[in-house]
Amino acid sequence: MGGEDGRVLIVRATKKLLRLAGPSTARDNDRGTTLLGPWYATVLFWRPRVVLLVNEVTLLPVLLPLAPAATLTSRIAEQISTVLTAHQTPVTVVNQERRHMQTVELGVTANRSVVGVMTELARLAEIHHHNDPTVGLVELAVRLATTPCSPLYSRNVSPDRELTATLQAITT
């Protein structure tokens, strides 16, 4: 696993995003060291292009600009931290996640269920963006997090609620 001190965030990217952002360097079984685990990512072909990240555990969405693609992996931690903060995640948890996101490795997608949710969230993001192109990416991500997702029906229904439950389990 990468990172000078073993701390690494794994981002499982679609083929479209890997073509733009760089080659896969993570092994299939890499989980990373973040509390929330791996994130999945795809590119939305808006003007300008946007990356949609979805957390594998909570299905929490995060949006950030793709450009410049060469610096994408170095900007992911900041945007995830911003969205976690927007969801009232305790500062200690946000800071711990940031420490574990200093190195980001891209890998190929492995969980079809998460890819399916990411596809649906991308469609919803497109609708919201079309209806109000001025909405900020953090605000849009927070709005998307209230979407019911079928993998969460038996637990907490939506990514924002799943995040809250996951954080409560982690911090207690």
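The values are calculated or read from the model by the stated rules, or taken from the named source; none is laboratory data. Keep in mind it's a predicted model, so treat the numbers as computed, not measured. Positions of Cβ are backbone-derived with ideal geometry, glycine not excepted, and every protein chain shown enters the neighbour counts. Note: accessible area is taken over every heavy atom of the protein model, side chains too, but ligands, DNA and RNA are not part of it. Shrake-Rupley method; radii C 1.70, N 1.55, O 1.52, S 1.80 Å.
Can you give the alpha-carbon Rg of the stretch 1-67 over 2.2 N^0.38 Å, where N counts its residues?
1.13
Suppose we keep just the alpha-carbon trace of the stretch 109-172; what are its Rg and Dmax in angstrom?
13.2, 41
Sketch the reach of a paramagnetic label on Leu35 as a point 7 Å from Cα along Cα-to-Cβ, and name the residues of the stretch 50-91 whose backbone nitrogen lies under 18 Å away.
Under cut-off, by backbone N: 55-62, 77-91.
For Thr172 and Val108, compute 0.36 nm times the residue count separating them, minus their Cα-Cα distance, and round to one decimal in nm.
This chain segment gains 19.8 nm when fully extended.
What accessible area per residue, rounded to a whole number of Å², is obtained for the chain using a probe radius of 1.4 Å?
About 50 Å² of surface per residue is accessible.
For a quick check: with amide H placed at 1.01 Å from N, whose amide H comes under 5 Å from Tyr40's, ignoring anything fewer than 5 positions away on the same chain?
So Tyr40 has HN proximity to Arg12, Val54, Asn55, Glu56.
Per the 1.4 Å probe, what fraction of the accessible area of the chain, in percent, lies on carbon and sulfur atoms?
Ligands and nucleic acids excluded, carbon and sulfur give 52 percent.
Towards the positive end of the charge dipole of the stretch 109-155, with charges on Cβ (+1 Lys, Arg; -1 Asp, Glu), say which of Met118, Leu144, His130 has the farthest Cα.
Projecting each Cα onto the dipole axis, the largest value belongs to Met118.
Using the 2.2 N^0.38 Å rule of thumb for compact globular proteins, work out how the chain stacks up: its C-alpha Rg over that value, please.
0.95
With each label point set 7 Å from Cα along the Cα-Cβ vector, what nm distance links Ser154 and Asn95?
For the pair Ser154/Asn95, the computed spacing is 3.8 nm.
What net charge is computed for the residues neighbouring Arg49, neighbours being all others with C-beta under 14 Å from the C-beta of Arg49, Lys and Arg scored +1, Asp and Glu -1?
Net charge around Arg49: +3.
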